[in-house]
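Structure record follows, encoded as structure tokens.
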Amino acid sequence: MIECPVCGAEVSLPDGTVAGEILECTDCGTELEVTALEPPTLAEAPETEEDWGE
Ligand SMILES: [Zn+2]
């Protein structure tokens with residue numbers, strides 16, 4: 001279990017999680033990026049901007 005960096009809730013990593021994977025905190029709904037596995041580290045994923053080009 002890892003703590004959500006945003007709300008502090010416990011987030012579990014599914015088996016087979018790889019670095020760079022995006023998880024969603026079940027408590028606050030924030031998208032969290034797995035930045036490292038040893039030790040498991042989560043960071044708030046950057047908001048996906050709608051990039052439609054111009
Ligand atoms: Zn959270």
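So here's what we get for this one:
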| item | result |
| --- | --- |
| Residues that are surrounded by 13 or more Cβ atoms within 10 Å (Cβ to Cβ) and not in a strand (DSSP E or B), drawn from segment 29-46 | Thr30, Ala45 |
| Restricting segment 7-16 to residues that are modelled with pLDDT under 95 and surrounded by 13 or more Cβ atoms within 10 Å (Cβ to Cβ), the residue that is farthest from the ligand (Cβ to nearest atom) | Leu13 |
| Matching residues in segment 5-23 - criterion: being out of contact with any Asp or Glu (no Cβ under 7 Å at 6 or more places or on another chain), acidic (Asp, Glu) and either in contact (Cβ under 8 Å) with a residue 12 or more places away in the chain or not in a loop (DSSP other than H, G, I, E, B) (or both) | Glu21 |
| Residue check, Thr26 in a loop (DSSP other than H, G, I, E, B), modelled with pLDDT of 90 or more, within 12 Å of the chain's Cα centre (by Cα) and not charged (D, E, K, R) | yes |
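The values are calculated or read from the model by the stated rules, or taken from the named source; none is laboratory data. This structure is a prediction, so every number in the text was calculated from the model and none was measured. Using ideal geometry, Cβ is built from the backbone for each residue, glycine included, and neighbour counts are taken over all protein chains shown.
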